[in-house]
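A.B. asks: Here it is, the structure in full.
The values are calculated or read from the model by the stated rules, or taken from the named source; none is laboratory data. Here the structure is a predicted model, which means the values were calculated and not measured. No Cβ is skipped: glycine too gets one built from the backbone with ideal geometry, and neighbour counts run over all protein chains shown.
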Amino acid sequence: GLLETTLFWVTTEFGRTPKVNATSGRDHWARCYSLLLAGGGFAPGLVYGASDATAAEPARDPVPLEHLLFTIYHQLGIDANKELVAFGTRPIEIIKGGELVEDLLT
């Protein structure tokens, strides 16, 4: 169906602090967060990685952002190793140091 050729991706750039702050709230926490990927050749029903007991740090199978983006671009048919040229002469890497996370794929 359509989900095989469509990628649905939901994420934020941060999670929330494991401990409540002085004003009874939680602050931004970039070290540990979750996301959802569906379709586009990603494995259905997969829960990948885990946090520690307080959701403060990755405990198993952390995926660096550059690896996640590389894998998403790969599934979309975008060559993430390619360089773009800005202002006519300045090369810019699409993703620096990314690798394919094959365990996420079907």
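A.B. asks: Does the stretch 94-103 contain at least one residue that is small (Gly, Ala, Ser), more than 13 Å from the chain's Cα centre (by Cα) and surrounded by fewer than 10 Cβ atoms within 10 Å (Cβ to Cβ)?
C.D. replies: Residues of the stretch 94-103 small (Gly, Ala, Ser): 97-98.
If we keep only those that are more than 13 Å from the chain's Cα centre (by Cα) as well, we get 97.
Okay, now just the ones that are also surrounded by fewer than 10 Cβ atoms within 10 Å (Cβ to Cβ), so 97.
Yes; the residues of the stretch 94-103 include at least one that is small (Gly, Ala, Ser), more than 13 Å from the chain's Cα centre (by Cα) and surrounded by fewer than 10 Cβ atoms within 10 Å (Cβ to Cβ).
A.B. asks: Here's something else I'd like to know. Would you confirm, using the coordinates I've provided, whether Val47 is within 16 Å of Thr106 (Cβ to Cβ), in a loop (DSSP other than H, G, I, E, B) and within 15 Å of the chain's Cα centre (by Cα)?
C.D. replies: yes
A.B. asks: Turning to a different aspect of this structure: Can you tell me which residues in the stretch 50-81 are assigned to a strand (DSSP E or B) and among the aliphatic types (A, V, I, L, M)? So that I can check it myself, show each step before the final result.
C.D. replies: Of all residues in the stretch 50-81, those assigned to a strand (DSSP E or B) come to 50-51, 58-60.
Answer for the stretch 50-81, where residues must be assigned to a strand (DSSP E or B) and among the aliphatic types (A, V, I, L, M): Ala50, Ala59.
A.B. asks: Counting only residues that are under 14 Å from Pro18 (Cα atoms) and acidic (Asp, Glu), how many does the stretch 47-65 have?
C.D. replies: Residues meeting the conditions: 2.
A.B. asks: Quick one: which of Ala53, Ala59 is of a type outside the set (Lys, Arg) and either under 13 Å from the mean Cα position of the chain (by Cα) or surrounded by fewer than 10 Cβ atoms within 10 Å (Cβ to Cβ) (or both)?
C.D. replies: One residue alone meets the criteria, Ala53.
A.B. asks: Next up: State all residues of the stretch 21-44 that are part of a loop (DSSP other than H, G, I, E, B) and in contact (Cβ under 8 Å) with a residue 60 or more places away in the chain; if no residue qualifies, say none.
C.D. replies: Correct list: Gly41, Ala43, Pro44.
A.B. asks: Output the residues belonging to the stretch 10-46 that are farther than 17 Å from Glu102 by Cα and either touching a helix residue (DSSP H, G or I) at 6+ places or on another chain (Cβ under 7 Å) or charged (D, E, K, R) (or both).
C.D. replies: Result: Glu13, Arg16, Lys19, Arg26, Asp27, Arg31.
A.B. asks: Now for a separate question. For the list (1) within 28 Å of Leu2 (Cα to Cα); (2) in contact with an Asp or Glu (Cβ under 9 Å, 6 or more places away or on another chain); (3) of a type in the set (Gly, Ala, Ser), I need the number of the one condition that Ala30 fails.
C.D. replies: That leaves (1) as the condition not met.
A.B. asks: Against the condition outside any loop (DSSP other than H, G, I, E, B), among the aliphatic types (A, V, I, L, M) and either closer than 20 Å to Glu99 by Cα or more than 15 Å from the chain's Cα centre (by Cα) (or both), how does Leu84 come out, does it pass?
C.D. replies: Yes.
A.B. asks: Name the single residue, out of those in the stretch 1-16 being assigned to a loop (DSSP other than H, G, I, E, B) and under 19 Å from the mean Cα position of the chain (by Cα), that is farthest from Ala56 (Cα to Cα).
C.D. replies: For the stretch 1-16, the residue satisfying everything is Thr6.
A.B. asks: Gly40: on the phi > 0 side of the Ramachandran plot, out of contact with any Leu (no Cβ under 7 Å at 6 or more places or on another chain) and modelled with pLDDT of 95 or more, yes or no?
C.D. replies: In short, no.
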